[in-house]
Amino acid sequence: MFHISDCKKYTRCPRMFVFDQTAEKQPFQSFVRLDETVSDLAALKLGIKERFLGERGDAPEKALQAMEEYDWLIKARFEYDGLRIKVPFLHRTDEGWDIYFLFIGLYPQANDMQFYCDTVWVLENLGIQLHEYYLIHLNAEYVRGKYLDPAQLFCISDHFFNDRNHPSLTVETAIRRSRKDLSGMLREMENCTEETAGAPVRTSKCTGRQKCRYYERCFPEEEAVPYNSILTLSAAQYRYDMQKEGRLYLRDADPERIEGSRMQYAQIMADRNGGLFADRTGLRQWMADIQYPISCLDFEWERYAIPPYEGMRPFDVLPFEYSLHVMHENGEVDHRVFLSFHDDRRAFAERLLAELPETGTVMAYNANGAEMIRIRELAEQLPDLADRLLAVNERMKDLQTPFESGLVYDTRMHGLWSLKVIMSMMDDPGYNDLAIRQGMDAVFQWRQVDRSDPDADAEEIIEELKEYCGMDTYAMTVVYKWLQEITEEVH
Ligand code: SF4
């Protein structure tokens, strides 16, 4: 018996489907926090009182029997031809059953139709007459008051949305356009083995939005690619073709088949120069307006699907920690950390404003994509502090810029430019000895303490969180000094 998730994997790649059948199940840690049972909240929005509630492991006849007795079915399990589905909400009307798909997001798009189509395929093959098709999803405009209001938290739509969040196809039309008979695919899935799944073929499905967890298993030869391999050439469509032709290194790149970005130029020049490329004029210009004291700043935050505190919207974030290393012109460095649990946005913002020097440059790594956005959000939520918070953004400089724009490239970067990658090139143990080494691990650890998980060692986690966030800003001081040094080198 298969689930829709199996069909999705098989559609993406039969090898992935096969590997997943035997792989050890990994504990799921969601990037977005969801403490509430969303279907319970959605049921309040729909005004459901009497209902049948399906459960994991229900016999397939159970939901069919419940359709005789109840007008509302929630999470009912159905099966047809070896495919088992869970339907969020079904509602009896005089013309048939209305179906409500639950989407935990703001603007559902018709770009992932398999779940919707497969669900309808099973129901229709069971002879269930569907009438209207709806989506129940989170309301981007909702701002939580003191209490959560399910009536405002959700929207009910009969259409999907386009990239600009405008209404597009109706749900029914989108399903009718994409539907197909699944019987053939289900038979193929039953007979699929590693042999029949075929040899690995590298496609966008291997490295797309999320790298496939079996990538190293399919392409073990790539684990040992040298730092200056042609495969590290950033956003290069033809890098695998060039490698096959024997153009193994960055310096061998075919000028006719590269996109010609500044980053690619920096990478090729770094390999030709023995490992490092630095546009010293560009670096000097980038540094020209940096002033001491230099405040290196890093935030950690949690993102919530359902707003847990007053003034928050769906998918808003809650900053819970900052680290601040202040570099003075005389070489001295101060360090401060703020860490809190639950809702401490005001204390976070007030302490930050109190501890940041009133002058000088504020620096963050990926400031444009993270800290500056968090500061704007805090300014919106704390209007009395807004002017002072937004003034911090006026002094913000993004330390990632020299790396992502190709002003400097070291082949040890391997085509990447995260702070951890850059720090790994420095003569410093950096993140190596830390218990927490990734931002999401920090969030998962914080979550345990925030939820008062009885198995969590709160004191140890607090210490580790401080070390991790502190390392991010310490690393920035090291990286900035390195940039200064290479800029000052005479060539
Ligand atoms: S790496 Fe590519 S070929 Fe291998 S399982 Fe994943 S998607 Fe399939």
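The figures follow:
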read-out	value
Complete set of residues in the stretch 34-49 that are assigned to a loop (DSSP other than H, G, I, E, B) and either of a type in the set (Ser, Thr, Tyr) or at pLDDT 95 or above (or both)	Thr37, Leu46, Gly47, Ile48
Any hit, the stretch 15-33, residues being part of a loop (DSSP other than H, G, I, E, B) and either in contact with an Asp or Glu (Cβ under 7 Å, 6 or more places away or on another chain) or open to solvent by less than 30 Å² (accessible area, probe 1.4 Å) (or both)	yes
Cβ-Cβ under 7 Å pairs, at least 6 apart or on other chains, the stretch 290-311 side more than 12 Å from Asp343 (Cβ to Cβ) and part of a loop (DSSP other than H, G, I, E, B), far side of a type in the set (Asp, Glu) and open to solvent by 20 Å² or more (accessible area, probe 1.4 Å)	Tyr292/Glu329; Ile306/Glu36
Yes/no for Arg56 being farther than 25 Å from Ile156 by Cβ, under 30 Å from the mean Cα position of the chain (by Cα), within 16 Å of the ligand (Cβ to nearest atom) and open to solvent by 40 Å² or more (accessible area, probe 1.4 Å)	no
Filter result (in contact (Cβ under 8 Å) with a residue 60 or more places away in the chain and open to solvent by 80 Å² or more (accessible area, probe 1.4 Å)) within the stretch 36-48	Leu44
Number of the condition not met by Leu318 [criteria: (1) touching an Asp or Glu at 6+ places or on another chain (Cβ under 7 Å); (2) surrounded by fewer than 17 Cβ atoms within 10 Å (Cβ to Cβ)]	(2)
Helices (runs of 4 or more DSSP H) contained entirely in the stretch 176-258, each with at least 2 residues that are loosely packed, with under 14 Cβ neighbours inside 10 Å and within 12 Å of the ligand (Cβ to nearest atom)	204-207, 215-218
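Listed here are the residues, each with its yes/no results for (1) outside any helix (DSSP H, G or I); (2) in contact with a His (Cβ under 6 Å, 6 or more places away or on another chain); (3) touching a residue at least 24 places away in the same chain (Cβ under 8 Å); (4) among the hydroxyl-bearing types (Ser, Thr, Tyr).
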{"residue": "Ala435", "(1), (2), (3), (4)": "yes, no, yes, no"}
{"residue": "Met440", "(1), (2), (3), (4)": "no, no, yes, no"}
{"residue": "Arg447", "(1), (2), (3), (4)": "no, no, yes, no"}
{"residue": "Glu459", "(1), (2), (3), (4)": "no, no, no, no"}
{"residue": "Glu463", "(1), (2), (3), (4)": "no, no, no, no"}
{"residue": "Glu467", "(1), (2), (3), (4)": "no, no, yes, no"}
{"residue": "Thr473", "(1), (2), (3), (4)": "no, yes, yes, yes"}
{"residue": "Tyr480", "(1), (2), (3), (4)": "no, no, yes, yes"}
{"residue": "Glu485", "(1), (2), (3), (4)": "no, no, no, no"}
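Matching residues to (1) among the charged types (D, E, K, R); (2) open to solvent by 50 Å² or more (accessible area, probe 1.4 Å):
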| site | (1), (2) |
| --- | --- |
| Leu389 | no, no |
| Pro402 | no, no |
| Asp410 | yes, no |
| Pro429 | no, yes |
| Gly439 | no, no |
| Val443 | no, no |
| Asp453 | yes, yes |
| Ala458 | no, no |
| Leu483 | no, no |
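The values are calculated or read from the model by the stated rules, or taken from the named source; none is laboratory data. This structure is a prediction, so every number in the text was calculated from the model and none was measured. Note that we place each Cβ from the backbone using ideal geometry, even for glycine, and neighbour counts take in every protein chain shown. Surface areas here come from the heavy atoms of the whole protein model, side chains and all, with no ligands, DNA or RNA. Shrake-Rupley method; radii C 1.70, N 1.55, O 1.52, S 1.80 Å.
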